[in-house]
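*Asks:* First, the structure itself, so that you have it in front of you.
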Amino acid sequence: MSAAYWFAYRGMVVKQLRRFLRTWVQTLLPSVVTAGLFLVVLGELVGREVRALDGVSYTEFLAPGLIMLAVVTNAYNNVTLSFFGAKLQRHIEELLVAPLPAWLIVAGFVTGGVLRGLLVGLLVAALALPLTGLELRHPGATAGMALLAALLFAFAGLINGVFARSFDHTSVIATFVLTPLIYLGGLFYPVGRLAEPWQTLSLANPMHYIIEGFRHGLLGTSAIAWPATFAVLAVVTAGTGAAAWALVARGVRVKP
Amino acid sequence: MSTPAITMEQLAKRYAGGCVGLDGVDLEVAAGGFFGLLGPNGAGKTTLIGLLSSLVRLDRGRIRVFGHDLARDPVAAKALIGLVPQEVNFNSFEPVGEIVAGQAAYYGLSPRRARRRTRAVLELLGLTDRARQTAWGLSGGFKRRLMIARALVHEPRLLVLDEPTAGVDVEARHGLWALLRRLNGEGITVLLTTHYLEEAEQLCDHLAFIDGGRVIARGATGELLRGLDHDTLVLDLAADCHSAPALGDVAARRVDTRTLEVDVPRGQPLNALFTELSRQGVQVTSLRNKSNRLEQLFFQRVYGDEREVRA
Ligand SMILES: Nc1ncnc2c1ncn2[C@@H]1O[C@H](COP(=O)(O)OP(=O)(O)O)[C@@H](O)[C@H]1O
Ligand SMILES: [Mg+2]
């Protein structure tokens, strides 16, 4: 990357960071509170009644999924809202007039989402740690899975931001598609214990693989082949990134 | 001959929905020039600026900025342009200083140079005291100044302003004119759009009239004005006059009971006009040249007649 591109990228990322740190009560706190409630209410109170799952306590079973939930929803929402906000207030034009290639504009927005996703994920992990004693069995796989998932959802959030014409459009996918997929993807229970057809349906849910892969990295347990998960996730992320790039390069819903 | 600042060839733009933005525009702006793009609302001025600044997708045609093709070498071309758009387009929740410094970064300035340039342009536009204030609270005039500061931060060779004085009070307008003249004197090429013809006459060395997405007249300001076939004089009268006098080949219109406007063909002596007025008992107390000659020229070109415009 040339020095000029590096300075531009840095400028975009600094703005993204300032934005979500300045409004931390809305951007960082909610996911931490939600995860804390799930850990205490479900993990500690209800979990006492549940026998060990996959060889770990219920709180431990929950924690990786809750961290992943925080990572992907924050990565997604950050990019959707900051891109939509930039369209609404028209300061997207500051980037369009500048000598920046489309991939760099995508990189600026997506980095903001990834950073927020990972930061909130770390905060949730820090909260879960005293309750669960997470072991971090495979640090490389854990970090890799978190980063890939954050990237994938940041790209997807950018696509949502491109198409959004109103604030309703910025939350509809997160509320009605993402959250159900995560909740039904094995966050709260091992999918293998479901009856048919729910088990097969769950295996078609992409979030299932992300949650299981991450759980494997953290706890060493897993119901799936995680190297394959990694490979598929990487391919899907690259595809989503290419789609986001194409939309920004064409100026869809941005340039008349 | 140095490379022109802007070369546009056969630009065409039709918006989704069928509205014609531009319909085959050729334009050349000389390096170091002060160019005015004139036209009524909806003429296509903002479309042309949008195409030049990559905010609008081009259907057909070619744009070069100091010789760099905007489509083939966008990075080199865009780096040379500073844009002051017609509508506010900054993040109102951000502080003034961060908006300007952010744009400096987008143009690839190092953090050190960005800080130095930000200080300089905020100072130039009288925004230093407001650097930490969020842009949201700025008055209309200061918002415009912020956008000018932002456009200048990367030291562009071409400054493009879309109706910079629309809705700006007289004092601020004159301040802006002085600034633009100074920048142009320092070698920056200026392209501005306006529908104030007086502004164009005051500032620009070259003009193009645009209407319905087409350039209908262009040239050096002086030459365009010489193309006028008559002068319009405003006469203040000593006594009320209830109908416009008939003055032969001089068209006369009554503006109000004590004011007349007359169109005197170029080169015709005024003596005959005053003799005739005296003969009809019309006493003239003072006389001035109507200043908005460009307006006449504009209407002459657009409508082929001298339809009047009233403020
Ligand atoms: N985003 C847009 N979508 C559709 N039509 C547009 C858009 N922008 C401008 N137009 C139309 O294009 C024509 C030229 O507009 P514009 O370039 O804004 O004119 P001006 O700046 O001279 O007032 C007008 O008929 C206008 O309605
Ligand atoms: Mg306009």
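*Asks:* Per residue and in Å³, how big is the convex hull formed by the alpha-carbon atoms of region B:165-291? Could the numbers behind the result be given before it?
*Replies:* Values: hull volume 21.0 nm³, N = 127.
Each residue corresponds to 165 Å³ of Cα convex hull volume.
*Asks:* Pop a pseudo-label 7 angstrom from the Cα along the beta-carbon direction at both B:Arg254 and B:Arg119 and give the gap in nm to one decimal.
*Replies:* Placing both labels 7 Å beyond Cα along the Cβ direction yields 6.6 nm.
*Asks:* Using every pair of alpha-carbon atoms in region B:81-147, split the distances into 10 Å bins beginning at 0 and state the percent of pairs per bin, rounded to integers.
*Replies:* All Cα pairs considered, the percentages come to 22, 57, 20, 0.
*Asks:* So how much accessible area does A:Phe167 have, in Å² to the nearest 10, using a 1.4 Å probe?
*Replies:* A:Phe167 exposes around 120 Å² with every protein chain in place.
*Asks:* What do you get for Rg/Rh of region B:26-170 when both radii come from the Cα atoms and Rh is the Kirkwood radius?
*Replies:* 0.97
*Asks:* Further question: For chain A, report the % of Cα-Cα distances exceeding 34 Å.
*Replies:* Values: 6094 of 32640 pairs.
Summing the P(r) of chain A above 34 Å gives 19 percent of all pairs.
*Asks:* Sort B:Val215, B:Val96 from largest to smallest accessible area, using a 1.4 Å probe on the heavy atoms of the protein chains.
*Replies:* Numbers: B:Val215 35, B:Val96 0 Å².
Ranked list, largest accessible area first: B:Val215, B:Val96.
*Asks:* Then there is this: Distance between Cα centroids, region B:195-230 to region B:38-93: provide it in whole Å.
*Replies:* If you average the Cα positions of each part, the centres end up 21 Å apart.
*Asks:* Now for a different question. How much of the calculated P(r) for region A:1-121 lies past 22 Å, in percent of all Cα pairs? Spell out each step's value before the answer.
*Replies:* Details: 3389 of 7260 pairs.
In whole percent, the share of Cα-Cα pairs in region A:1-121 beyond 22 Å is 47.
*Asks:* Cα axis of helix B:111-124 to longest principal axis of chain B: angle in degrees, 0 to 90, nearest 10?
*Replies:* Orientation of helix B:111-124: about 20 degrees from the principal axis.
*Asks:* So which residues of region A:227-256 lose at least 20 Å² of accessible area, probe 1.4 Å, when you go from the chain by itself to every protein chain present?
*Replies:* Those are A:Arg250, A:Lys255, A:Pro256, which lose 20 Å² or more relative to the chain on its own.
*Asks:* Hey, another quick one. Per residue Cα convex hull volume for chain B, in cubic angstrom?
*Replies:* 166 Å³
*Asks:* P(r) for the protein assembly as shown, please, calculated from all Cα pair distances in 20 Å bins and given in %.
*Replies:* Going out from 0 Å in 20 Å bins, the protein assembly as shown shows 18, 38, 25, 13, 5, 1 percent.
*Asks:* Which peptide among B:55-62, B:201-208, B:99-106 comes first, and what is the full order, when sorted by highest mean count of other Cβ atoms within 10 Å?
*Replies:* Details: B:55-62: 16.5, B:201-208: 21.4, B:99-106: 27.1.
Listed from highest to lowest mean packing, they are B:99-106, B:201-208, B:55-62.
*Asks:* Hey, another quick one. When ranked by the protection proxy of mean other Cβ atoms within 10 Å per residue, highest first, what sequence do the peptides B:82-92, A:141-151 form?
*Replies:* Numbers: B:82-92: 20.2, A:141-151: 21.8.
Ranking the peptides B:82-92, A:141-151 by packing returns A:141-151, B:82-92.
*Asks:* Enumerate by residue number the trypsin sites (Lys or Arg not before Pro) in region A:147-256 meeting two conditions: DSSP loop (anything except H, G, I, E, B), and at most 12 other Cβ atoms within 10 Å of the site's Cβ. Intermediate values should be presented prior to the final figure.
*Replies:* Values: sites: A:Arg165, A:Arg193, A:Arg215, A:Arg250, A:Arg253; in loops: A:Arg165, A:Arg253.
The qualifying sites are A:Arg165.
*Asks:* Also: What are the extents of the Cα atoms of region A:90-175 along their three principal axes, in Å, largest first?
*Replies:* Extents along the principal axes: 49, 30, 16 Å.
*Asks:* Moving on to the next point. Can you put B:Val75, A:Val71, A:Val232 in order of accessible area, largest first, using a 1.4 Å probe? Intermediate values should be presented prior to the final figure.
*Replies:* Values: B:Val75 55, A:Val71 5, A:Val232 90 Å².
So the residues, ranked largest to smallest area, are A:Val232, B:Val75, A:Val71.
*Asks:* Based only on Cα atoms, what mean projected area does the convex hull of region A:118-235 have, in nm²? Mind dumping the intermediate values first?
*Replies:* Details: hull surface 33.1 nm².
Result: 8.3 nm².
*Asks:* Right, here's the next one. Determine, for the protein assembly as shown, the count of lysine pairs separated by eight or more sequence positions (or lying on different chains) whose alpha-carbon distance falls under 25 Å.
*Replies:* 18
*Asks:* Once both labels are modelled 7 Å past Cα along the beta-carbon direction, what's the A:Leu129-B:Asp23 spacing in nm?
*Replies:* Distance between the two pseudo-spin positions: 6.9 nm.
*Asks:* So, one more: With each label point set 7 Å from Cα along the Cα-Cβ vector, what nm distance links B:Glu261 and B:Glu198?
*Replies:* For B:Glu261 paired with B:Glu198, the spin-label model returns 1.3 nm.
The values are calculated or read from the model by the stated rules, or taken from the named source; none is laboratory data. Keep in mind that what you see is a predicted model, and the values were worked out from it rather than measured. Using ideal geometry, Cβ is built from the backbone for each residue, glycine included, and neighbour counts are taken over all protein chains shown. Keep in mind that these areas ignore ligands, DNA and RNA; they rest on the heavy atoms of the full protein, side chains included. Shrake-Rupley method; radii C 1.70, N 1.55, O 1.52, S 1.80 Å.
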